[in-house]
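S.K.: Structure in structure tokens, see below.
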Amino acid sequence: MLKMNNISKLYQTEMVQTHALRDFNLHVEEGEFIAVTGPSGSGKTTFLNIAGMLEPFSSGQYLLDGIDVGKLNDNQRADVRNQKIGFIFQGFNLIPDLNLYENIEVPLRYRGIKANERKRRIEQCLEQVGLASRAKHLPQQLSGGQQQRVAIARALAGKPRFLLADEPTGNLDSLMARQVMELLEQINRDGATIIMVTHDPELARRAPRNIQVVDGQLADFTLYQGAQTLKNVAGV
Ligand SMILES: Nc1ncnc2c1ncn2[C@@H]1O[C@H](COP(=O)(O)OP(=O)(O)OP(=O)(O)O)[C@@H](O)[C@H]1O
Ligand SMILES: [Mg+2]
């Protein structure tokens, strides 16, 4: 589904050059659930933003469902992103003066989905995350965990085959974090491929595949029949 071959990302500011990713290699199969861990500043968000086509990369090749992302223009990239990808941002990114229903509706409007279909999807997604009775609430009237679930509902409403989540449990206590994890596991069982960045080792261990980003490079720790194997250290 996703193939990154020698992806590098260089940030150039006046003072410094940062290699946020270097020779990053990753293959993801359809239906996988991958947890991404690694030190702060190691390149996890950069990787996720490139995977979600929110950011360009400097060199290398990125294939999504066989589409060569580097060869697309802005409009084509936006189309592919809308069709295939859902994004759960760190810190929710909810619009404070829109209620839950309207928050979920924004990206659907943007995609030109008709009103009755929007309503059907929004109600279904709110139901799925257990917030059907709160559609008229504003984000500030909800707990952190509930807001996180709205952010998940918003990503789900687009029916993405590929879900990217940056610290989806970052602001939650451990009980709520487990609930969000269970929701993601359900979405994965329903068919979505998921990549989740997390600082929580307990949640990472629950994912069938763990990768670690260290200094812009990838170490892939995948559990095969209980044995932890160092599978794919970039550059080896
Ligand atoms: N827009 C930018 N301009 C310049 N440098 C950047 C930019 N965005 C990220 N970087 C740098 O790229 C590196 C990787 O950043 P990134 O946000 O991917 O790290 P991260 O692994 O997500 O860290 P955290 O766990 O703290 O969220 C860091 O050194 C960061 O300072
Ligand atoms: Mg980050």
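Bear in mind these aren't lab numbers, they're just calculated from the coordinates by the rules spelled out. If you're wondering where the values come from, they're calculated on a predicted model, not measured in any experiment. Cβ placement follows ideal geometry from the backbone for every residue including glycine, while neighbour counts extend to all protein chains displayed.
S.K.: Counting pairs of alpha carbon atoms under 8 Å apart in space and at least six apart in sequence, what relative contact order in percent does segment 1-120 give?
M.R.: 24 percent
S.K.: Hey, another quick one. So which aspartates and glutamates can residue 136 reach, going by Cα to Cα under 20 Å and dropping same-chain residues fewer than 8 places off?
M.R.: Correct list for residue 136: 97, 102, 105, 117, 123, 127.
S.K.: Given springs between every Cα pair under 10 Å in a Gaussian network model of the chain, which of 148, 179, 217 has the largest fluctuation?
M.R.: Among 148, 179, 217, the largest mean-square fluctuation in the Gaussian network model of the chain belongs to 179.
S.K.: Follow-up question, since we're still on this one. Under the 0.36 nm per residue contour assumption, what length would be gained going from the current alpha-carbon distance of residue 215 and residue 82 to full extension?
M.R.: Stretched fully, the residue 215-residue 82 segment lengthens by 44.8 nm.
S.K.: Check residue 33: other-chain or 5+ apart residues with amide H under 5 Å from its amide H, H built from backbone geometry?
M.R.: Those qualifying (amide H under 5 Å, at least 5 residues apart or on another chain) are 194, 209.
S.K.: How high is the FRET efficiency between residue 116 and residue 65 when r is their beta carbon distance and R₀ equals 41 Å, given to the nearest 0.05?
M.R.: 0.90
S.K.: On a full-extension model of 0.36 nm per residue, what is the gain between residue 11 and residue 40, subtracting their alpha-carbon distance, rounded to one decimal in nm?
M.R.: Gain on stretching residue 11 to residue 40: 8.8 nm.
S.K.: Still on this model: Give me the angle, in degrees from 0 to 90, between the Cα long axis of helix 74-84 and the longest principal axis of the Cα atoms of the chain, rounded to the nearest 10.
M.R.: Helix 74-84 sits roughly 70 degrees off the main axis of the chain.
S.K.: Give me D for segment 29-126 in µm² s⁻¹, whole number, from Stokes-Einstein with Rh from the Kirkwood sum over alpha-carbon pairs, 20 °C and 1.002 mPa s.
M.R.: D = 135 µm²/s.
S.K.: Return the long-range amide H neighbours of residue 214 (sequence gap of 5 or more, or a different chain), with a cut-off of under 5 Å between placed amide H atoms.
M.R.: 219
S.K.: Could you give the C-alpha radius of gyration of the chain expressed as a fraction of 2.2 N^0.38 Å, taking N as the number of residues it contains?
M.R.: Ratio of Cα Rg to 2.2 N^0.38 Å: 1.02.
S.K.: OK, next. Take the cross-link list 114/159; 3/114; 71/114; 9/159 and give me the ones stretching past 24 Å between alpha-carbons.
M.R.: 3/114; 71/114; 9/159
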